[in-house]
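Read-outs: derived from the displayed coordinates by stated rules, not from any lab. Quick caveat: nothing in here was measured; it's all calculated off a predicted structure. In this analysis, Cβ positions are derived from the backbone assuming ideal geometry, glycine residues included, and neighbour counts consider all displayed protein chains.
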Amino acid sequence: MINSELTLRPATPDDVSVLFSLIQALAEYEKLSHAVTGSAEALREHLFSSQPYVEAIIAEIQGKAVGFALFFHNYSTFLTQPGIYLEDLFVLPEYRRQGIGKALIKYLAQLAIERDCGRLEWSVLDWNEPAIAFYRRMGAAILPDWRICRVTGEAIASIANTEMSDF
């Protein structure tokens, strides 16, 4: 059941502080509050500079932001098509089970079609069984053979400054 008062819209610069608050709520839900080291100012720059890195959709009910989807384009060399990578999807706990998550994914699927994207993809934490079940119901395949590789902070600098013979 989708809440009839639901509005989905692209984020604007005026949404940055509430969007960052929702990101913090997501981190708290995932027990990763300690990992939020960014700022609303950096988010604003990455969303709305002359060369934006990400886009966001805000879900509102009666003018209150209750969820969001933050995404960016990637590229499939095998399909030779762009794709959309959903970095984060979050709905405040008290607004779940109202169709908001479904509506956000549908919005992104429509955007992927409009932009001639070959795929829409995202990651899910392995312990988040409710999300995994939700994504499967939506038709998503959970890829068993792929693992995320990540290098951050000092490790990036270490790789960048390592001699090729040291690998």
**the chain: most fluctuating residue of ILE57, ILE23, ILE156 per GNM, C-alpha cutoff 10 Å** = ILE156
**Message:** In the chain, if the dipole is taken from +1 on Lys/Arg beta carbons and -1 on Asp/Glu beta carbons about the Cα centre, which of SER50, LEU6, ALA25 is farthest to the positive end?
**Reply:** LEU6
**Stokes-Einstein D in µm²/s, Kirkwood radius over Cα pairs - the range 42-113 at 25 °C with 0.890 mPa s viscosity** = 183
**Request:** Search the structure for amide H atoms under 5 Å from the amide H of ASP88, placed 1.01 Å from N in the peptide plane, and list their residues when 5 or more places away or on another chain.
**Result:** LEU70
**Fill in**
Protection proxy (average C-beta count within 10 Å per residue), highest first, orders 146-152, 50-56, 82-88 as 82-88, 50-56, 146-152
**Prompt:** Mind ordering 32-39, 159-166 by average Cβ neighbours within 10 Å, highest first?
**Reply:** 32-39, 159-166
**Item:** Inter-centroid distance (Cα atoms) of the range 104-155 relative to the range 28-59, Å
**Value:** 18
**Asked** Counting only Cα, what are the radius of gyration and maximum Cα-Cα distance Dmax of the range 15-167, in Å?
**Response** 17.1, 60
**Message:** I'd like the orientation of helix 16-29 relative to the chain: the angle between its Cα long axis and the longest Cα principal axis, in ° from 0 to 90, rounded to 10.
**Reply:** 80
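Can you give the % of DSSP beta bridges in the chain that are antiparallel, to the nearest 5?
On the way: 22 of 26 bridges.
In the chain, approximately 85 percent of DSSP beta bridges are antiparallel ones.
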**Request:** Show that you can apply the helix-only estimate: for the chain, add -39,500 (n - 2.57) for every DSSP H stretch of four or more residues, divide by all residues, and state [θ] at 222 nm to the nearest 500.
**Result:** -10000 deg cm²/dmol
**Request:** Within the range 53-125, list the trypsin sites (Lys or Arg not before Pro) lying in a DSSP loop whose Cβ has at most 16 other Cβ atoms in a 10 Å radius.
**Result:** ARG96, ARG97, ARG115
